[in-house]
Amino acid sequence: MLTVQADIDDMSPEYLPPLLEALYLAGATDVWSYPIQMKKGRSGLRIEVLVSVTAREEVCRALFKNSTTIGLRFWPVDREVLPRAIKTIEWRGFSIRIKTSSAPDGHVHCKPEYDDVVAAAQALGWPAIRVQQEIEQQLRTS
């Protein structure tokens, strides 16, 4: 795995969501951004991308194409992840994917998939947080 990093001080933050989407489409494993202080006191954004070695070229191309950055930094990183799985449950007539991860001590953490929660909430006219809470309650009692 690699981390690819870009610092940007001349791009409107409103264009950050399409940049992040382009990076995921290019093969990024994860993407995050945060505000930074740049030269001459300018505010800027740091974009960091976790990417496989094989997807590096495509992700770098997406960064240059979809942002105003003129340079990138990258370095190798190690990554350790817990075993994960996805199962699907039925909740009020909706199929909800549940992401699970298993800790070394055997504890299993379950979390409903955000996109499924939001879709169910919109269909029901409910707040997404209420849907998430009800699904998590169902998971605890089943």
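The values are calculated or read from the model by the stated rules, or taken from the named source; none is laboratory data. Keep in mind the model is a prediction, meaning the values are calculated, not measured. All Cβ positions, glycine included, derive from the backbone under ideal geometry; neighbour counts span all protein chains shown.
Looking only at strands (runs of 3 or more DSSP E) that lie completely in the range 36-142, which have at least 2 residues being of a type in the set (Phe, Trp, Tyr)? Write out each step before concluding.
Values: elements: 43-51, 73-76, 84-91, 94-102, 108-112.
Here the list reads 73-76.
For the range 107-129, residues that are touching a helix residue (DSSP H, G or I) at 6+ places or on another chain (Cβ under 9 Å) and surrounded by fewer than 13 Cβ atoms within 10 Å (Cβ to Cβ) total 4. Considering Glu90, Glu136, which residue is of a type in the set (Asp, Glu) and farther than 28 Å from Thr29 by Cα? Checking each option against the conditions leaves just Glu90. Identify the residue in the range 30-50 that is among the hydroxyl-bearing types (Ser, Thr, Tyr) and exposed (fewer than 15 other Cβ atoms within 10 Å of the Cβ) and, among all such residues, is farthest from Val77 (Cα to Cα). That would be Ser43. Assess whether Val53 counts as being under 30 Å from His109 (Cβ atoms), crowded, with 17+ Cβ neighbours inside 10 Å and either under 16 Å from the mean Cα position of the chain (by Cα) or at pLDDT 95 or above (or both). For Val53, the condition - under 30 Å from His109 (Cβ atoms), crowded, with 17+ Cβ neighbours inside 10 Å and either under 16 Å from the mean Cα position of the chain (by Cα) or at pLDDT 95 or above (or both) - is not met.
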